[in-house]
Every structure is written in C-alpha cells, then in structure tokens.
1. For the chain, what is the accessible area per residue in Å² when the probe is 1.4 Å?
2. Using only the Cα atoms of the chain, what do you get for the radius of gyration and for Dmax, in Å?
3. Which semi-axis lengths, in whole Å and largest first, follow from the square roots of five times the eigenvalues of the Cα gyration tensor of region 1-132?
4. Could you tell me the distance between the Cα centroids of region 141-217 and region 96-128, to the nearest Å?
5. Tell me, what % of the accessible area of the chain is carbon and sulfur with a 1.4 angstrom probe?
6. Tilt of helix 46-66 relative to the longest C-alpha principal axis of the chain, in degrees (0 to 90, nearest 10)?
7. Kindly provide the GluC sites (Glu not before Pro) of region 1-105 that DSSP labels as loop, not H, G, I, E or B, and whose Cβ sees at most 10 other Cβ atoms within 10 Å.
8. Return the calculated 222 nm mean residue ellipticity for the chain, to the nearest 500 deg cm²/dmol, obtained by summing -39500 (n - 2.57) across DSSP H runs with n ≥ 4 and dividing by the residue count.
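The values are calculated or read from the model by the stated rules, or taken from the named source; none is laboratory data. Source: prediction; values computed, not measured. Every residue, glycine among them, receives a Cβ derived from its backbone with ideal geometry; neighbour counts consider all protein chains shown. Surface areas here come from the heavy atoms of the whole protein model, side chains and all, with no ligands, DNA or RNA. Shrake-Rupley method; radii C 1.70, N 1.55, O 1.52, S 1.80 Å.
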Amino acid sequence: MKQFCIVERDSHEFHAGSKARNDVGEILTAQGWTALPIHRSQGKGTPDKLKMAAVTWMDWRGVAKQLSPGDTLLVQYPLDMYPKVSRLAIPFLRGMKEKGVQLIFLIHDLDSLRGVEGNGERQFLELADLLIAHNQEMTEYLCERGYGDKAIRTLDLFDYLLEEEPTACNTQDPWEVVVAGNLRPDKAGYVYRLGQLDSKVRFRLYGPNYQEGVPQVGVKYCGQFPPEQLPQTLRGGFGLVWDGDRLDCCDGVYGTYLKYNNPHKASLYLACGIPVMVWDQSALADYVVEHHLGIAVGSLEELPRRLQHMSREEYQTLCQGAREMGARLRRGAMLGRVLRAYESSKDEVTE
C-alpha cells in the first residue's frame, strides 16, 4: 500500500502554485508520499480552458493508472483549475475509489460557503474517505451538508514552511499592526478607513492591489512580496486578520467567510512569531484565545482601549505562544498530526 499526493504545476514552465498548496506537497513528500504532478490553470480565457480540458483528462488518466487497491491519494480541494474543467477528474476519482483506493481531500476553500453551487463540490467531496477541514465550524458545516458519515479531521491552522525562524519580524511594539494579503478594495475595503482610528495604532500594509490615494495618518503601505520573501520583510507587533468594508465588524462575502475558514495570513504571522488580532466572530477566535496566540476583538475601534490596558507581561505571553506555534507551523506539524491521527483510527478499526 502506497501513499500518493496530487501536486499542481503550471502548464508551461512547470512552476509551483500557491504557498499553501506547495507546503502541503513538501510536507507529504518529506514523509515519504509520492507526488503525482498535474497541471493547473493559466487563467487565460476560453482558448486556455479548451486546451486545459484535454490536458486535465490526460493528467487524471495517468494518475488513475498509477494507483492500486489499498493505496491512498490526497487531493487538495478545490483543484487549481477552472471549475468546469476540474470536474473531468471526478470519473477517474470515482473509478479509483471503486477499486479500493483511499481518498483524502484537504479543503482549501468551499464555494458553497460563498453561495456558489454547481462547481462540482458535492461530486468531489462525496468520494472522500477523509475530509480535512479548517476548524470545528467548517466541520459542523460539512456535517450539515450531508458529509457526517465521512471521517472529518480539523487542521486548526495551515502550516507555513520556513527553513528558519525569522526573528526580526516581531518588533515587540503591540501598537504596530501588520496587515498582509490582497488589499483590493472590494475584499479589504476596511484598510482605506484605518486612518479614522486612534493614531496611536500604526498599520503597516503588505500586499497586491493597494489603491494609493489620500495618505492616512498612521498607515504605511510597504509593498508586495512573494510569500517566500514576505517573512524577510514583515515587521510589526501584531498581525491583523480582517476582511470586508467596515471597521466595526467583518462584513460582506469575504468577512462572513471568516466564520468558517482559517486564513493563510494567520499562519504567516504566527510562523514569523507575531501574535494575531482576529474578529471575535471568526472561526479562529476561540482557538487563538485558548492557545494564547493573540486577541479577538469585535471591532477595530476597540484596539486603542485593548492595547492601552494590555500589560507587558500579557503581551509577552502572546508572543511566546506565537513563537511556539510558529515553530510547529514552520515544520509542518499540523498536517502531520491530522494524518497520524487518521492512520491510528484506521489501525484501531482493523485490529
């Protein structure tokens, strides 16, 4: 019985995709899993979709030929492919399952949480022997959707592989807050209102699609960097996980999504040893507070008061929690824990 994992690469230069997906592949191959490469979409419109339909069919035909009964295949869902094209993989996955291959789906995103149906989500996930969800809230959602008969494990946080601890990231100044991610106005509209907050709180913004306009007091845009380089440049005392248009809550499609997902930026901050600030209605809130990884707030307008009343000892406790968790994330401990627990549960059933 062998263990395989799908890794996605570009069509032309065969470069890797996102860091979150790349890290999963690295963690698994380091543990002895065999990587099976398939192509990812290029996002270049209809001609590319037509080409990728043929490529995807050939890729999955090749994958199916390499697996035997009793083998395990881990798939990162959704596939990094045009949704309609990705569904070409379903018959091959179904055929593998029918011949006794164990299928594990590690969930990155769920379109249904954003109100999008018809992308093949149910057809994919109903084939799983194990679903790896982000957190307990996502697990409960999956059970409500009819997947309660599956084995479901929670990742709690995404791993964020780094070769060494980036010790210079945490400035030890809790009033200096980092915001990393896509700064597009329709996703992170709140960043264009940060200047309305108490100027004692200073924000450092990192990421693409920032619309520079009238300068805001206490807000500095620091540019955009690849995920692998960002830890070398990130500087701050807290890392903010927030989405939507408002300062007083997380709203809209992206803000509501925080009630179910674990943003990869939280793992970035913690991997850098920076404690996090999260919305108190987000799925991460309880975990962050319970494990002393940061603070949860209902509104960004609370920050001056919260920081004013935070003792140096309390802040250092959060920094220590972030450093300890960061060490785990940098070595891929979260995914390793989930897979070990799943294997142990299978062994107990067969004994």
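1. Numbers: 15640 Å² over 351 residues.
Ligands and nucleic acids excluded, the figure is 45 Å² per residue.
2. Both quantities, over Cα of the chain: 20.9, 67 Å.
3. Numbers: eigenvalues 89, 60, 47 Å².
Taking √(5λ) for each eigenvalue gives 21, 17, 15 Å, largest first.
4. Using only Cα atoms, the two centres lie 27 Å from each other.
5. Details: 7600 of 15640 Å².
Answer for the chain is 49 percent, counting heavy atoms of protein chains only.
6. Compared with the principal axis, the helix lies near 60 degrees.
7. Numbers: sites: Glu8, Glu13, Glu26, Glu98; in loops: Glu13.
Sites meeting the loop and neighbour criteria: Glu13.
8. Working: 13 runs with 125 residues, N = 351.
Only helices count here, giving -10500 deg cm²/dmol.
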